Amino acid sequence: MFSEYGWPDVWFVRGGTLDEPSSVSPDVHIFTKSKLPWLELPEAIPTFEIYYERSTLWPSASNERIEAVITHRNTRASAK
């Protein structure tokens, strides 16, 4: 499954499996503001009511790639 978030240049890919669901665990929980009260989230995994600052959670290589996409996108927009 993937999300685009309005940028066709960037896809956020979600990993998972139906065969062995316990073999994959989340690294962050987002949009928890709307979660149901009976849903308990593990304390060891960061949670955010809405979203998070990617520069603080993403690995540096991921931040470098997204910054390159943003720069390229802005350069393309300026050239029009």
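Only one of the listed residues (Trp7, Trp38) is on the phi < 0 side of the Ramachandran plot, modelled with pLDDT under 90 and hydrophobic (A, V, I, L, M, F, W, C). That residue is Trp7. Checking Ile50, Ile66 one by one, the residue that is hydrophobic (A, V, I, L, M, F, W, C), outside any loop (DSSP other than H, G, I, E, B) and at pLDDT 85 or above is Ile66 and no other. Take the conditions touching a residue at least 12 places away in the same chain (Cβ under 8 Å) and surrounded by 10 or more Cβ atoms within 10 Å (Cβ to Cβ) and apply them to Thr32. Does it pass? Yes; evaluated as a whole, the condition is true for this residue. Does Ser55 satisfy the criteria of being more than 20 Å from Val10 (Cα to Cα), free of Cβ contacts under 8 Å to residues at least 12 places away in the same chain and either within 14 Å of the chain's Cα centre (by Cα) or in a helix (DSSP H, G or I) (or both)? When the stated conditions are applied, Ser55 does not pass them.
The values are calculated or read from the model by the stated rules, or taken from the named source; none is laboratory data. Note that the structure is predicted; figures quoted are calculated from it, not measured. Here the Cβ is made from the backbone with ideal geometry for all residues, glycine too, and neighbour counts use every protein chain on show.
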